[in-house]
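K.L.:
Next up is a structure, given as structure tokens.
The values are calculated or read from the model by the stated rules, or taken from the named source; none is laboratory data. These numbers were taken from a predicted model, which means no experiment stands behind them. Cβ: placed from backbone, ideal geometry, glycine included. Neighbour counts: every protein chain shown.
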Ligand code: SF4
């Protein structure tokens, strides 16, 4: 049973010392009741109160991870139903499934390209997260071995107790796979295997009532890391099951459904429908998404969708401020200025790099905002540009001191001239796409 903000407040020291970064104990209590802060943020709470508050401070969706060879896919820890309420925390892992009825060579041919797939998206490496092996009448151990010959990413083992046992024997020590899917018929044996392997166990049931019943029994049997695998497979059925489980966990603190979720868009069989189901799963509460088909054309948009949903809406994607070299610039080449909002940086850098023009790119610390937003917020002004130019020793790199401001902040040119005496200040185009033409025709 969760505690209300007022009930939590009564258990806090009530000194309003602000050490938790909240102005009052009441404000902290309200956030704790909303599961938006950790109890540990208050260093002054008594042991007795901490014990009483522990239930209230437990994450409503149990955190856990699958691991292998330095890879880790986290799941759980979510606190909100909608991203705009705060942020989503753990990105759903994208797993490609193979079947043990496929030959080891066919498995390797399927896993290899997915394992090697990597795209740089505004400074973030997009990759597939792991692989799932499903029993289908073949040799489960051979299939797991074939996957491990080409990939060391985390693994999901799907089968009955015998197959799971055989699969576990193929994994390296220290690996934490996700095991599944236990049902009403085999949960006791599967729970025993999960306990021994210290691995999370996925449970499947056709209705949420059955799922609750199963989760309670498996928890009682000593398995703490449970993953829900709703039996519903239609778009509507999956959406309803995922939403119901997450809503009950977050809004009612209903523990039997307070676990990560695994979905199987791959069960659709058809690659087009599979992508649609995967997109829905990513958007709506899935923690592990199991696909049957891999192609760069479908993996990329799914991974970008995931990034867009799982970035903190209050923190823009940023690049490191600094002086970047584009196409090996020399001392005569111009210094372009922009902010450290990732998309701004990559727009400018890609245009100039693609045109083969050498330039220095001074990326200022504008707290990740785009040029106009940063200027309006007072984070991108003449003083900041001059300060960063000095901090990154731009003057030492060039003999011809030419600095190009983004066209959107032409208004800053006079102030930059004052702040940076000896520099020739030019106003560039408003859009990055026009930079190559500007550099060729105006800068020469
Ligand atoms: S740190 Fe604890 S005592 Fe201090 S204001 Fe926050 S909740 Fe209150």
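K.L.:
Pick out the one residue from 404, 416 that is touching a residue at least 24 places away in the same chain (Cβ under 8 Å) and within 17 Å of residue 330 (Cβ to Cβ).
P.N.:
Step by step, each of 404, 416 is checked, and only 404 is touching a residue at least 24 places away in the same chain (Cβ under 8 Å) and within 17 Å of residue 330 (Cβ to Cβ).
K.L.:
Name the residue that is nearest to the chain's Cα centre (by Cα), counting only residues in region 24-49 that are within 8 Å of the ligand (Cβ to nearest atom) and assigned to a loop (DSSP other than H, G, I, E, B).
P.N.:
Top of the filtered list is 42.
K.L.:
Would it be correct to say that residue 11 is under 25 Å from the mean Cα position of the chain (by Cα), surrounded by 18 or more Cβ atoms within 10 Å (Cβ to Cβ) and within 12 Å of the ligand (Cβ to nearest atom)?
P.N.:
No.
K.L.:
Does residue 67 meet the test of being surrounded by fewer than 20 Cβ atoms within 10 Å (Cβ to Cβ), away from the ligand (no atom under 16 Å from the Cβ) and either under 26 Å from the mean Cα position of the chain (by Cα) or free of Cβ contacts under 8 Å to residues at least 24 places away in the same chain (or both)?
P.N.:
yes
For (1) surrounded by fewer than 21 Cβ atoms within 10 Å (Cβ to Cβ); (2) assigned to a loop (DSSP other than H, G, I, E, B), each residue gets a yes or a no:
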{"position": "300", "(1), (2)": "yes, no"}
{"position": "312", "(1), (2)": "yes, yes"}
{"position": "344", "(1), (2)": "no, no"}
{"position": "361", "(1), (2)": "no, no"}
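K.L.:
Write out, first by first residue and then by second, each pair whose Cβ atoms fall under 9 Å of each other, whose residues are 6+ apart or on separate chains, and whose first residue, in region 10-31, is touching a residue at least 40 places away in the same chain (Cβ under 8 Å) while the second is assigned to a loop (DSSP other than H, G, I, E, B) and near the ligand (Cβ under 8 Å from one of its atoms).
P.N.:
11/45
K.L.:
Something else about it: Given the options 356, 322, name the one that is more than 19 Å from residue 421 (Cα to Cα) and free of Cβ contacts under 8 Å to residues at least 60 places away in the same chain.
P.N.:
356
K.L.:
Evaluate region 198-214: report whether one residue or more is closer than 23 Å to residue 142 by Cβ and surrounded by 19 or more Cβ atoms within 10 Å (Cβ to Cβ).
P.N.:
Yes - at least one qualifying residue is present in region 198-214.
K.L.:
Does residue 18 qualify as being modelled with pLDDT of 90 or more, part of a helix (DSSP H, G or I) and either under 28 Å from the mean Cα position of the chain (by Cα) or within 15 Å of the ligand (Cβ to nearest atom) (or both)?
P.N.:
In short, no.
K.L.:
Within region 78-89, is there a residue that is assigned to a strand (DSSP E or B), without any contact (Cβ under 8 Å) to a residue 24 or more places away in the chain and closer than 26 Å to residue 34 by Cα?
P.N.:
No - not one qualifying residue is present in region 78-89.
K.L.:
Which of (1) surrounded by 17 or more Cβ atoms within 10 Å (Cβ to Cβ); (2) in contact with a helix residue (DSSP H, G or I) (Cβ under 6 Å, 6 or more places away or on another chain); (3) touching a residue at least 60 places away in the same chain (Cβ under 8 Å) is the odd one out, the single condition residue 123 does not satisfy?
P.N.:
(1)
K.L.:
Here's another thing I want to ask about it. I want to confirm something. Restricting to region 41-54 and keeping residues that are exposed (fewer than 14 other Cβ atoms within 10 Å of the Cβ), in contact with a helix residue (DSSP H, G or I) (Cβ under 9 Å, 6 or more places away or on another chain) and in contact (Cβ under 8 Å) with a residue 12 or more places away in the chain, which single residue is nearest to residue 151 (Cα to Cα)?
P.N.:
That would be 54.
K.L.:
While we're here: Would you call residue 316 within 30 Å of residue 366 (Cα to Cα) and part of a loop (DSSP other than H, G, I, E, B)?
P.N.:
For residue 316, the condition - within 30 Å of residue 366 (Cα to Cα) and part of a loop (DSSP other than H, G, I, E, B) - is met.
K.L.:
If residue 136 satisfies every condition in (1) surrounded by 17 or more Cβ atoms within 10 Å (Cβ to Cβ); (2) away from the ligand (no atom under 16 Å from the Cβ) but one, which is the exception?
P.N.:
Failed condition: (1).
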